[in-house]
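The values are calculated or read from the model by the stated rules, or taken from the named source; none is laboratory data. Computed from a predicted model, the values in this text were never measured in an experiment. Backbone-built Cβ (ideal geometry, glycine too); neighbour counts: all protein chains shown.
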Amino acid sequence: MMTQTSRTTPSAPADKPALSKAVRYALDGAHTHVGFSVRHLMISNVRGEFRTVSGEASFAPDRPQDTTLSVSIDVASIHTGEEQRDAHLRSADFFDAEKFPTLTFVSKGVRPRDDGLDVEGELTIHGTTRPVTLAVEELTPERTDPWGNKRIGATARTKIRRSDFGMTWNAAIEAGGVLVGDDVKIEIEAELIRKD
């Protein structure tokens with residue numbers, strides 16, 4: 001005599017929780033700071049910033065390796081606190097803002113670290129694109145602001161050589177060395193608003 005046995009669908013292992021959905025965020029330009037510093041006269045560092053920045057990101061806390069990021073910066077918004085210097089930086093000697101009005105970064109991959117993320121991507125300045133890695137040192141958890149918007153924040157740093165992007169203008173100084181350093185340190189404080 002044959003007996004009928006019931007078939008059951010095996011349940012998912014308890015140690016494999018469901019993955020969260022990636023969330024889309026828009027960069028809040030009013031609360032994002034893109035700053036830089038470069039050596040002047042071989043003596044001190046001159047600091048500046050770009051005041052107009054936009055972009056978006058996609059992020060899931062349990063899948064940081066799937067993070068995507070794209071940023072666009074208005075080169076004409078450069079500000080160092082000295083208008084004559086800012087005008088020179090916008091000129092063809094440096095950024096050539098009239099011909100190359102935007103600076104962009106597009107992520108190509110993300111590698112988690114114990115203390116943050118390495119966001120590998122392509123940085124385009126002065127019409128030249130080079131690979132650059134942003135070291136994200138801090139990523140704040142999502143919080144709700146007083147108006148009901150959900151926000152996250154991030155702190156990131158990198159260093160580039162301006163000559164790699166075709167910006168080679170310089171002047172020799174009598175005591176030796178050059179007027180403007182080649183290494184540029186970039187520091188980013190980003191705040192993003194959830195889009196969905």
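Odds and ends about this structure:
- Taken over region 70-94, the residue count meeting the criterion of being touching a residue at least 60 places away in the same chain (Cβ under 8 Å) and not acidic (Asp, Glu) is 1.
- Residue pairs whose Cβ atoms lie under 8 Å apart, sitting 6 or more positions apart in sequence or on different chains, and linking a residue in region 146-161 that is farther than 28 Å from residue 131 by Cα to a partner that is surrounded by fewer than 14 Cβ atoms within 10 Å (Cβ to Cβ), are 150/143; 150/144; 151/143; 151/144; 151/145.
- Answer from 97, 156 - the residue that is at pLDDT 95 or above, assigned to a strand (DSSP E or B) and not basic (Lys, Arg): 156
- Residues located in region 124-139, provided they are surrounded by fewer than 17 Cβ atoms within 10 Å (Cβ to Cβ) and in a loop (DSSP other than H, G, I, E, B): 127
For every residue, the table says whether it meets (1) farther than 25 Å from residue 177 by Cα; (2) buried (at least 17 other Cβ atoms within 10 Å of the Cβ); (3) of a type in the set (A, V, I, L, M); (4) over 17 Å from the mean Cα position of the chain (by Cα).
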site	(1), (2), (3), (4)
42	no, no, yes, yes
74	yes, no, no, no
81	no, no, no, yes
102	yes, no, no, no
107	yes, yes, no, no
114	yes, no, no, yes
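- Index of the failed condition, residue 117 passing every other in (1) in a loop (DSSP other than H, G, I, E, B); (2) closer than 19 Å to residue 34 by Cα; (3) not small (Gly, Ala, Ser): (1)
- The residues of region 15-65 that are charged (D, E, K, R), under 23 Å from residue 112 (Cβ atoms) and either in a helix (DSSP H, G or I) or touching a residue at least 24 places away in the same chain (Cβ under 8 Å) (or both), listed by number, are 21, 24, 56, 62, 63.
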